[in-house]
Amino acid sequence: MSNIAITDAGPSTSAKPFLTRLAGGFVSRLVIIVPYLWLLFFFFIPFIIVFKISLSQSAIAMPPYTPVLDFRDGISGFFSGFRELSFDNYVWLTQDALYFKAYVTSVIIAAISTVLTLLVGFPIAYGMARAPATIRPTLLMLVILPFWTSFLIRVYAWIGILKPEGLLNQLLLSLHIINQPLIILNTYTAIFIGIVYSYLPFMVLPLYSSLEKMDYSLIEAAKDLGCPPTAAFWKITFPLSLPGVIAGCLLVFIPAVGEFVIPDLLGGSQTLMIGKTLWNEFFANRDWPVSSAVAVILLLLLIVPIMLFQQAQARAQEQDK
Amino acid sequence: MKSLGSIRRDFAPWNDPNAKPYIQFENVTKKFGDFTAVNNLSLTIFEREFFALLGASGCGKSTLLRMLAGFEEPTAGRILLDGQDLRGIPPYRRPVNMMFQSYALFPHMSVEKNIAFGLKQEGMPAPDIEKRVAEMLKLVKLEQFAKRKPHQLSGGQRQRVALARSVAKRPKVLLLDEPLGALDKKLREETQFELMDLQQELGLTFVVVTHDQEEAMTTADRIAIVDRGEVMQVATPAEVYEAPSSRFVAHFVGNVNMFEGKVAERAANTTRITGATGAQIVVENSTDTKAGSDIVFAIRPEKIKVTSKKPADAVNALEGEVYDVAYLGDMTVYHIRLDDGQIIRASALNAARVTEDPLTWNDRAWVSFRPDAGVVLTR
Amino acid sequence: MNATWSRFNVTSVVLGFAFLYLPIVLLIVFSFNESKLVTVWGGFSTKWYVSLFHNQGLMDATWVTARVGVISATVATVLGTLAALTLTRYTRFRGRILFSGMVFAPLVMPEVITGLSLLLLFVAIGLDRGFFTVTLAHITLTMCFVAVVVQSRLVSFDRSLEEAAMDLGATPVKTFFQITLPVIAPAIVSGWMLAFTLSLDDLVIASFTSGPGATTLPMKIYSQVRLGVTPEINAACTILIAVVAVGVVIASIANKRREVQRQLDEQAAQRG
């Protein structure tokens, strides 16, 4: 008789994924649960807390808000807290023209920056994709390298370039292209430059990834059938690169709406963006409930793009398989 | 003594009523959602057999192999190995090893370490592992490649490492998934015989999955023709080729001509068939067919003789015109359009270098064959 | 794509990279500026590098940042790998959509939101802000990036390697550690490096979640930038850039050499 050890690996249904069956419930559950719990506690629950705080009132206390829905006063205290909940902060925000303007401006700035980044990034990605195969890894490394260096540092470097006594003005003045220094720093233009510059790798990489996968013989076939180059681009290249375009745009737009460092360092006090507003509300005014409400509204604004991003990721994962 | 085909087979446990089945598929069904990959399939494999599962892509043969290895569990039915039900036993506890189609060599380990992997898992002491690995390397003639990594080997060498790795543990059963698929023709032929030698030497039971007829015919003791999750016929290569049990099998392996008609007359062993246009042939027939019923006679091209003049003493001789002819070097293939419109494929070995009165396109020709040159099909 | 590199393509790539690297180059150049001004060249000098090492505040911040970076990157790599495994191997479990959302959302979420929410969490559970909270925050953020990197490697991973290992007698756990992990190791290392960089670089989340005694380098640099700059900052930045550049270049070269060696090996094998 052969010596096969019979084990109790549990009911063998084909419905359960293969590894789950074999790995045994315990290991599989551990693999899923550990990151799940971490994210649930450190990512998801905080949002709930933000929402809860946004419903309470600012107070001169540490922490600087009235405790709502706390268990410190027992169960009765918990329920009495409900009565103190109010959407006052939200009402105040929507009535204040400043905040409304900040949201709208942020979305517009982010949208314009995204388009600019696309316009700048596409030729670069395209050029990289058409480069000889031996150079491509080097080019890829060169695109990624700035990303490894500090974001803050690179934005800071632009201050030195864009300010009235800065290097750009020095160059233009010495070449007599202009007579007076251009005021770029502390304007929206500087923000555009800053966002395009900082987020360029985020646009170039997904674009490059899409374009590289494209089979150039499609373009050659089009040319062979009499299609002029520009038409070939719009009819063939661009549609095929669309997944990369969408991914890149979302990767730039969504964080740009809530961007803080760039508007703060390059935009100055004349520019209005919601990331700065939230920061000021929190650190300068110490009004935590209002900051929370600002954050909640910002999140609601971005929910749809974020979900679009998830979908794009899921689709890309399916395609890779 | 007479036997089907041209080789005598001494090893035939399937004909021995006392032989115990080694691997048994009992009414095995496997569904993936709505799709039925294997449909109520039953199969018996004997110890020391070289068994081939032959079929087109998607027919379920790989699924059968994976169920035997333990990577899938049957939705219904059971699989027995040496009398023991394998249900619930994970692949790492079955005395079965598999050689993968893609070889699946561990890229970060050397040839030695790849072969030793399975031995380490079962806790073999290090000196024994060394000895066994050396043995395996000698078996597949890769001794000087021991320290190389898989990417430093050619396709044929990688295949041999995969083979060595899969037999290192001396499994009772070795499963091979399209083992010769990635090799070029010459290498494939060499390796076919090496595989057969290896199997004999080690005394293992081989179950091979392949879509290559030649491979199955050359290497296997018995072949199971699989189509859409069902077994169409299980028999020796000779039986599959010379006595196919159905139209499907007849068409699947090699080339075949089908004569369709009605039974004109039945004698003791033979039947006269009248074709649609009245042409008559006499065939050997042991099935029970009534006069007037439909009947199909299947005959292989090489059993048909092509001549320019009517052969004198042929029982079956039909006239026609050379529709197409192809000279392949070792043989010549004729397509003859008979006067009743049917096109017959016939082939002849070029046993002589020079032919008298060779045929060419549009020549009149005669095809002739013996009554026992084909089989009557009932399915 | 084939390699017909037109003039337009070359120009766009060259201009693009020039745009990308110009500020960095200027930063490095002016770190050697004799003058205190950031925009007027006063001669070559390394004095800012010297004063940098005497700047206790910056040195402390660097040490904090390094520790936070290493610890958070390591934990994030483990968690991110687990998350990647979950996403690719387990296709049906309760709450999968929520999990998937939680893994991908931080990639694009504005940092002000993440920072604020984490701070409020720490306050709610009564955790004092400092080294520990910054590290926790960074782990949460960077593990998602690690997950994406490892996941894309896992998706293209050849499962038959795992099946072969199990067929030869290895349990699933052993298979993971002896076969899967070594093969996807480069992706895991990339993930670690990515997590480390993100931690090193982060200003907003660190500002929200850090506390006294745990000032990170970006926080320090930011505060000095607001007050008024000396090229000491340039010097610090240059060193940072140099360290990273050297690391990336070494990794690149090592990778390339391995590729070339691999190709040579394969060619040699073909010849038998």
**Request:** Select from segment C:183-203 the residues that are at pLDDT below 90, of a type in the set (Ser, Thr, Tyr) and surrounded by 22 or more Cβ atoms within 10 Å (Cβ to Cβ) and list them in ascending order.
**Result:** C:Thr197
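Here is a yes/no grid of residues against (1) β-branched (Val, Ile, Thr); (2) assigned to a helix (DSSP H, G or I); (3) crowded, with 20+ Cβ neighbours inside 10 Å:
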residue	(1), (2), (3)
C:Ala66	no, yes, no
C:Thr74	yes, yes, no
C:Leu79	no, yes, yes
C:Phe93	no, no, no
C:Val103	yes, yes, yes
C:Leu119	no, yes, yes
C:Arg129	no, no, no
C:Phe132	no, yes, no
C:Glu163	no, yes, yes
**Item:** 3 or more residues among the charged types (D, E, K, R) and under 23 Å from B:Gln157 (Cα atoms): qualifying helices (runs of 4 or more DSSP H) within segment B:172-283
**Value:** B:185-202
**Message:** Checking B:Leu53 against (1) within 9 Å of chain C (Cβ to nearest Cβ); (2) under 14 Å from B:Leu175 (Cβ atoms); (3) of a type outside the set (Val, Ile, Thr), only one condition comes out false. Which one?
**Reply:** (1)
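Is it the case, given these coordinates, that B:Asp372 is among the acidic types (Asp, Glu), farther than 11 Å from B:Ile304 by Cβ and assigned to a loop (DSSP other than H, G, I, E, B)?
Working: among the acidic types (Asp, Glu): yes; farther than 11 Å from B:Ile304 by Cβ: yes; assigned to a loop (DSSP other than H, G, I, E, B): no.
Spelling it out, it is not the case that B:Asp372 is among the acidic types (Asp, Glu), farther than 11 Å from B:Ile304 by Cβ and assigned to a loop (DSSP other than H, G, I, E, B).
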**Request:** Return only the number of the condition from (1) at pLDDT below 60; (2) outside any helix (DSSP H, G or I); (3) on the phi < 0 side of the Ramachandran plot that A:Pro63 does not satisfy.
**Result:** (1)
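Take the residues in segment A:124-136 that are in a helix (DSSP H, G or I) and over 21 Å from C:Ile24 (Cβ atoms); name whichever of them is farthest from the other protein chains (Cβ to nearest Cβ). Explain how you work it out, then say what you get.
Initially, segment A:124-136 is screened for residues in a helix (DSSP H, G or I), giving A:124-129, A:136.
With the extra rule that they be over 21 Å from C:Ile24 (Cβ atoms), the set shrinks to A:126, A:129, A:136.
Numbers: A:Tyr126: 7, A:Ala129: 5, A:Arg136: 9 Å.
Ranking the candidates gives A:Arg136 first.
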**Request:** Just need a number here: residues in segment C:145-154 that are among the aliphatic types (A, V, I, L, M) and out of contact with any Leu (no Cβ under 9 Å at 6 or more places or on another chain).
**Result:** 0
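Kindly establish whether B:Arg165 is basic (Lys, Arg), within 13 Å of B:Ala104 (Cα to Cα) and at pLDDT 90 or above.
Values: basic (Lys, Arg): yes; within 13 Å of B:Ala104 (Cα to Cα): yes; at pLDDT 90 or above: yes.
Yes; evaluated as a whole, the condition is true for this residue.
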**Request:** Among the numbered conditions (1) surrounded by fewer than 19 Cβ atoms within 10 Å (Cβ to Cβ); (2) modelled with pLDDT under 90, tell me where C:Asn33 comes up short.
**Result:** (1)
**Message:** Exactly one of these conditions fails for C:Arg262: (1) surrounded by 17 or more Cβ atoms within 10 Å (Cβ to Cβ); (2) in contact with a His (Cβ under 8 Å, 6 or more places away or on another chain); (3) modelled with pLDDT of 80 or more. Give me its number.
**Reply:** (1)
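Is it the case that C:Val70 is touching a residue at least 12 places away in the same chain (Cβ under 8 Å) and either hydroxyl-bearing (Ser, Thr, Tyr) or surrounded by fewer than 20 Cβ atoms within 10 Å (Cβ to Cβ) (or both)? I'd like the intermediate steps shown before the answer.
Details: touching a residue at least 12 places away in the same chain (Cβ under 8 Å): yes; either hydroxyl-bearing (Ser, Thr, Tyr) or surrounded by fewer than 20 Cβ atoms within 10 Å (Cβ to Cβ) (or both): yes.
In short, yes.
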**Request:** Would you mention how many residues in segment C:73-91 are closer than 13 Å to C:Cys144 by Cα and facing another protein chain (nearest Cβ under 7 Å)?
**Result:** 5
**Item:** Scope segment C:162-178; condition at the interface with another protein chain (Cβ under 7 Å from one of its Cβ atoms), farther than 18 Å from A:Gly25 by Cβ and of a type outside the set (Gly, Ala, Ser); matching residues
**Value:** C:Glu163, C:Asp167, C:Leu168
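Please specify each residue of segment B:106-144 satisfying the condition of being part of a loop (DSSP other than H, G, I, E, B) and facing chain C (nearest Cβ under 8 Å).
Here is the first cut: in segment B:106-144, the residues part of a loop (DSSP other than H, G, I, E, B) are B:106-110, B:122-125, B:140-142.
B:Phe106, B:Pro107, B:His108, B:Glu122 - these are the residues of segment B:106-144 that are part of a loop (DSSP other than H, G, I, E, B) and facing chain C (nearest Cβ under 8 Å).
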**Given (1) farther than 22 Å from A:Val120 by Cβ; (2) not in a helix (DSSP H, G or I), index of the condition A:Leu173 fails** = (2)
**Asked** Mind checking which residues of segment C:99-121 are facing chain A (nearest Cβ under 8 Å) and among the aliphatic types (A, V, I, L, M)?
**Response** C:Met102, C:Val103, C:Ala105, C:Leu107, C:Val108, C:Met109, C:Val112, C:Ile113, C:Leu116, C:Leu118, C:Leu120, C:Leu121
**Asked** In segment B:4-29, what residues are at pLDDT below 90, of a type outside the set (A, V, I, L, M, F, W, C) and surrounded by 12 or more Cβ atoms within 10 Å (Cβ to Cβ)?
**Response** B:Gly5, B:Arg9
**Request:** Identify the residue in segment A:140-169 that is more than 7 Å from every other protein chain (Cβ to nearest Cβ) and either over 26 Å from the mean Cα position of the chain (by Cα) or under 13 Å from A:Leu265 (Cα atoms) (or both) and, among all such residues, is surrounded by the fewest Cβ atoms within 10 Å (Cβ to Cβ).
**Result:** A:Pro164
**Message:** When you scan segment A:297-314, do you find a residue that is in contact with a helix residue (DSSP H, G or I) (Cβ under 7 Å, 6 or more places away or on another chain), more than 27 Å from A:Ile124 (Cα to Cα) and more than 9 Å from every other protein chain (Cβ to nearest Cβ), even just one?
**Reply:** yes
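Answer yes or no as to whether C:Thr11 is surrounded by 15 or more Cβ atoms within 10 Å (Cβ to Cβ) and either at pLDDT 80 or above or under 27 Å from C:Ser223 (Cβ atoms) (or both). Break it down stepwise before answering.
Values: surrounded by 15 or more Cβ atoms within 10 Å (Cβ to Cβ): no; either at pLDDT 80 or above or under 27 Å from C:Ser223 (Cβ atoms) (or both): yes.
Answer is no for this residue.
Looking at A:Leu185, A:Leu140, can you tell me which residue is aliphatic (A, V, I, L, M) and not in a loop (DSSP other than H, G, I, E, B)?
Working: A:Leu185 fails: not in a loop (DSSP other than H, G, I, E, B).
Matching residue, one of A:Leu185, A:Leu140: A:Leu140.
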**Checklist (1) charged (D, E, K, R); (2) part of a helix (DSSP H, G or I); (3) crowded, with 21+ Cβ neighbours inside 10 Å; (4) touching a residue at least 40 places away in the same chain (Cβ under 8 Å) applied to A:Glu281, failing item** = (4)
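The values are calculated or read from the model by the stated rules, or taken from the named source; none is laboratory data. For clarity, every value in this text was computed on a predicted model and none was experimentally measured. Reconstructed Cβ throughout: ideal geometry from the backbone, glycine too, with neighbour counts over all protein chains shown.
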